[in-house]
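The structure appears below as structure tokens.
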Amino acid sequence: MIIAFSRKRPSRSSRSESGSRERSSPREEGGRFHKSSITRLLACLATALAVTAGLFVVQAPAASAADITTDLGITSGGDVVAGGGKAFIAGGDRILVVNANGTPNATIAGLSGALGLAIAPNGTRLYAALRDSNEVAVIDTASLEIIRLISLAEYPCPTNLALSGTRLFVGYGCDQWDGGVVRIDTSFGHGSRPTPVTSTYASPKVAAAGNTLVVGDALSPATLSVYDVNAFHTTLRGIIDGHDYHAGFLGDLAITPDGSTIIAAFLNSAEYFAWDTTSLQEVHAYGPDPSSGYYAPVVAVSPDGTRVAGGRGTKSGLVVTVYDSATTTPVYTGTLTDHGAFMDLRSLTFSNNDLFALWKDLATHHLHLWRLETGALPESTLTLTAPSTGTGADVLTLTGRLTMPDGSAPGEQPIAVTCHVNDSPGTTFEVTTAEDGTFTFKDRPGSAGVIRYDVIWNGSPTVHWSTASATVTLVKAVSSITLSAPETGTVGTQLKVTGTLLLGGQRAVFAAPLKISRKVTNSNGTVVTALPSANGASRDGSFRFTDTPPEAGEYTYLVQWDGNQASLPTSATFDVTIEEAEQG
């Protein structure tokens, strides 16, 4: 059921014909603020505190069976973007990488205050605003390596990013007084330098596409400044005045891929407003959202511009609604209500036709990833077959197939494989299908226990991703040691011993430390001595050691291997009679 209602909007008579209105600069000459500006800021801050205080009267949400969410185990960060079959989550000192189904895949570590993200449309480059180190990191999404760091020492606390072609726009600002936007031409490589665009009160929201840049003043009443962008200059086109919309604080900002329309989400509005970026006239209002008014809302536009997603926190949990961008008709609604805690929605992005949302549990402060399947694309099918049992020393052979919705051959496609050993976080590698979609891979888990393989095809712009799993139960392999040594020897003459460690009947393919001891029995009694350990060869399990008998007697050498996660322990002995050397 769709509930609709109308509300009376304030008069637009104060606008010019172009839809914009003149606005004085927030700063006086010399960088000082007007008293009225300070008064406005204090009032805004007071309003923010009042709103924030109201957030904590939200009741614990009820359960919902439709939730697909992952606790990321981090407490800082704030942005999520998707591209190239992956999603990237800013997590303060790291960026988390997940597959298209939300499965954690990798981590980009060693960062300082990663907060805002932007990704190239082809998914090859990721840009991260490092608020603490005053830098922008440029990351290769294939290797996950940081290939460049762009200094923003003169523009501290970079927070929000927007990318249009090779132009990266950075909203910066550490507090309420020193914000602004700088522009970076990423095509200059290591010669990239920031160029100032505008100054604002605080770190502004930014959105860019085509030849349009939109800068959103986050303070109340939020205003949107629209700029023309060319190869050399950024020129103000006009301003959308927040007073006309009782805008309050700006929650989020998005732009269509062609740069023709901007969509804004305001804290105290039940609608997501859209404006034409040329005329600056309002063209759509998505919603109203009957659950609005509790947490700062977020908004996103699909890569093809045909859908708009808006979400926010409510009294009972989180709600995200997807609208047809042209007709404003709701086409999908997702809710998250089973976590029993106050939930703050932080960021929202499309991944092809699905959505990723980042939200924070305000009780534990943990960030969570919420994946929403909108069902807008036809489904592919992925299968995986594995042996049901085996030993920890086995090399397992697994097979599978990727099938398209219409049954056609998919061609060569990358499949990500993650192996989880006894519920471990898992290791990931990639295989490629044959033209008909079949694939085969081999793996040696190197451990007994329950081994789970998860495979995922990350989908395409026209076909939904798919995943499959298979488990194998492995027991520890029986191990053995074979030895080759002389049967007799003489005192003071070196003995040479060779051997092979077998795991499950196969030569061990790794270095294995072997304990060696020597027992000597003669007229003096029995003495046991520990000898230096021997290490197995790295590829064939063979090993060798030497010993020089110090006295005559019956010798027994014991070689022991303690076993490992894959194989049982084992031992072997051999006997040698040592005689006194003949006197010459």
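The values are calculated or read from the model by the stated rules, or taken from the named source; none is laboratory data. Keep in mind it's a predicted model, so treat the numbers as computed, not measured. Note that we place each Cβ from the backbone using ideal geometry, even for glycine, and neighbour counts take in every protein chain shown. Each accessible area value is taken on the protein alone, full model and side chains, heavy atoms only, with ligands, DNA and RNA left out. Shrake-Rupley method; radii C 1.70, N 1.55, O 1.52, S 1.80 Å.
Looking at (1) surrounded by fewer than 24 Cβ atoms within 10 Å (Cβ to Cβ); (2) over 17 Å from Thr277 (Cβ atoms), which is the one condition that is false for Gly165?
Every condition holds for Gly165 apart from (2).
Just to be sure, is Ser269 in contact with a Cys (Cβ under 9 Å, 6 or more places away or on another chain) and modelled with pLDDT under 95?
Working: in contact with a Cys (Cβ under 9 Å, 6 or more places away or on another chain): no; modelled with pLDDT under 95: yes.
Taking the combined requirement at face value, the residue does not satisfy it.
Grab the strands (runs of 3 or more DSSP E) fully contained in the range 322-381, keeping just those with 1 or more residues being open to solvent by 40 Å² or more (accessible area, probe 1.4 Å).
Details: elements: 330-336, 343-351, 354-361, 367-372.
Those strands (runs of 3 or more DSSP E) span 330-336, 343-351.
Filter the range 240-272 down to residues that are among the aliphatic types (A, V, I, L, M) and over 30 Å from the mean Cα position of the chain (by Cα) and give me whichever is farthest from Ala326 (Cα to Cα). Before you say what the answer is, go through the steps one by one.
Pass one, the range 240-272, residues among the aliphatic types (A, V, I, L, M): 240, 247, 250, 253-255, 262-265, 267, 270.
Among the residues that remain, those that are also over 30 Å from the mean Cα position of the chain (by Cα) are: 240, 247, 270.
Values: Ile240: 21, Ala247: 23, Ala270: 19 Å.
In this case the residue turns out to be Ala247.
Given the conditions (1) open to solvent by less than 20 Å² (accessible area, probe 1.4 Å); (2) at pLDDT below 95; (3) over 13 Å from the mean Cα position of the chain (by Cα), and given that Asn122 satisfies all but one, which numbered condition is not satisfied?
(1)
Select from the range 166-181 the residues that are in a strand (DSSP E or B) and over 26 Å from the mean Cα position of the chain (by Cα) and write down the one among them that is farthest from Gly210 (Cα to Cα). Give the derivation first.
Initially, the range 166-181 is screened for residues in a strand (DSSP E or B), giving 167-172, 179-181.
Those left that are additionally over 26 Å from the mean Cα position of the chain (by Cα): 179-181.
Numbers: Gly179: 24, Gly180: 21, Val181: 18 Å.
Applying the filter and picking the extreme gives Gly179.
Considering Gln494, Gln506, which residue is open to solvent by 50 Å² or more (accessible area, probe 1.4 Å) and closer than 25 Å to Arg444 by Cα?
Gln506
Tally time: how many residues in the range 464-491 are open to solvent by 20 Å² or more (accessible area, probe 1.4 Å) and out of contact with any Phe, Trp or Tyr (no Cβ under 8 Å at 6 or more places or on another chain)?
12
Has the range 385-395 got any residue that is more than 30 Å from Asn564 (Cα to Cα) and open to solvent by less than 30 Å² (accessible area, probe 1.4 Å)? Working first, answer last.
Restricting attention to the range 385-395, the residues satisfying the condition of being more than 30 Å from Asn564 (Cα to Cα) are none.
No, because not a single residue in the range 385-395 is more than 30 Å from Asn564 (Cα to Cα) and open to solvent by less than 30 Å² (accessible area, probe 1.4 Å).
Among (1) touching a Ser or Thr at 6+ places or on another chain (Cβ under 8 Å); (2) among the acidic types (Asp, Glu); (3) in contact (Cβ under 8 Å) with a residue 60 or more places away in the chain; (4) not in a strand (DSSP E or B), which single condition is Glu412 missing?
Unmet for Glu412, out of (1) touching a Ser or Thr at 6+ places or on another chain (Cβ under 8 Å); (2) among the acidic types (Asp, Glu); (3) in contact (Cβ under 8 Å) with a residue 60 or more places away in the chain; (4) not in a strand (DSSP E or B): (3).
Do we find that Ser225 is of a type in the set (Ser, Thr, Tyr) and touching a Gly at 6+ places or on another chain (Cβ under 7 Å) in this structure?
The answer is no for Ser225.
Which one is farthest from Ser479 (Cα to Cα), of the residues in the range 532-554 that are assigned to a strand (DSSP E or B) and open to solvent by less than 30 Å² (accessible area, probe 1.4 Å)? Break it down into steps so the answer makes sense when it comes.
We begin by selecting, within the range 532-554, every residue assigned to a strand (DSSP E or B); these are 532-535, 542-547, 553-554.
Subsequent filtering for residues that are open to solvent by less than 30 Å² (accessible area, probe 1.4 Å) retains 534, 543, 545, 547, 553.
Working: Ala534: 17, Phe543: 15, Phe545: 20, Asp547: 25, Gly553: 31 Å.
It comes out as Gly553.
For the range 242-284, enumerate the residues that are among the acidic types (Asp, Glu) and surrounded by 23 or more Cβ atoms within 10 Å (Cβ to Cβ).
At the first step, the residues of the range 242-284 found to be among the acidic types (Asp, Glu) are 244, 252, 258, 271, 276, 282.
The one that is among the acidic types (Asp, Glu) and surrounded by 23 or more Cβ atoms within 10 Å (Cβ to Cβ): Asp252.
For the condition at pLDDT below 95, among the aliphatic types (A, V, I, L, M) and open to solvent by less than 20 Å² (accessible area, probe 1.4 Å), what is the one hit in Ala202, Ala208?
On the way: Ala208 fails: at pLDDT below 95.
The unique qualifying residue is Ala202.
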